[in-house]
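The values are calculated or read from the model by the stated rules, or taken from the named source; none is laboratory data. Everything numeric here is computed off the predicted structure, so don't read it as measured data. Virtual Cβ from ideal backbone geometry, glycine too; neighbours counted across all protein chains shown. The accessibility values were calculated without ligands, DNA or RNA, using every heavy atom of the protein model including side chains. Shrake-Rupley method; radii C 1.70, N 1.55, O 1.52, S 1.80 Å.
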Amino acid sequence: MSNVPPNIGPFVQDMPPKGGYPKIRTARHLPNRGPPGWALWSGTALLISYGFYQVGQGNQRRTREKMAILRQREEMVAELQAETDQEYAKREAKLLQVEAEIMKDVKGWKVGESPYFSGVWMPRAVYDFSTFYNKGKPPPS
């Protein structure tokens, strides 16, 4: 229930103006905002493909470099092994002399023979331990 009294008089309905209302502009007139989607996708695909190509080329280059280093090492192995064998022979002869001098009073001792009877040849540890134990001058060469 309203406190406003009803209008007294004929009922008036709102009507559009003569000729109608002006047309509402619904069309969008936006400026061009860049390349189309297909161009973006194809450009991205090309860039990614080029990146993978570069990664592959880098992997091949690194592999070639590693192989070159390995070939150089393989060529040096014979020379390095010969040097190591010469050092081993010198140390072995020196230790056999020291062993012969130390064990000259023991009957039945054979210089250079292993005290272990395994039947398998193993190279002896021919390190000069006198420098570790004596802390003085090494034995005569």
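Where residues in the stretch 108-137 are among the small types (G, A, S) and at pLDDT 70 or above, which of them is least open to solvent (accessible area, probe 1.4 Å)?
The extreme case among them is G112.
Every residue in the stretch 26-46 that is part of a helix (DSSP H, G or I) and surrounded by 10 or more Cβ atoms within 10 Å (Cβ to Cβ), please.
Result: A39, L40, W41, S42, G43, T44, A45, L46.
With the checklist (1) open to solvent by less than 100 Å² (accessible area, probe 1.4 Å); (2) among the acidic types (D, E); (3) at pLDDT 90 or above in hand, flag the one item E75 doesn't pass.
(1)
It is to be established whether one or more residues within the stretch 67-88 are more than 41 Å from the chain's Cα centre (by Cα) and among the aromatic types (F, W, Y).
Looking through the stretch 67-88, none of the residues is more than 41 Å from the chain's Cα centre (by Cα) and among the aromatic types (F, W, Y).
Of these, A39, A27, A93, which one is under 30 Å from M122 (Cβ atoms) and free of Cβ contacts under 8 Å to residues at least 40 places away in the same chain?
None of the other options fit; the residue is A93.
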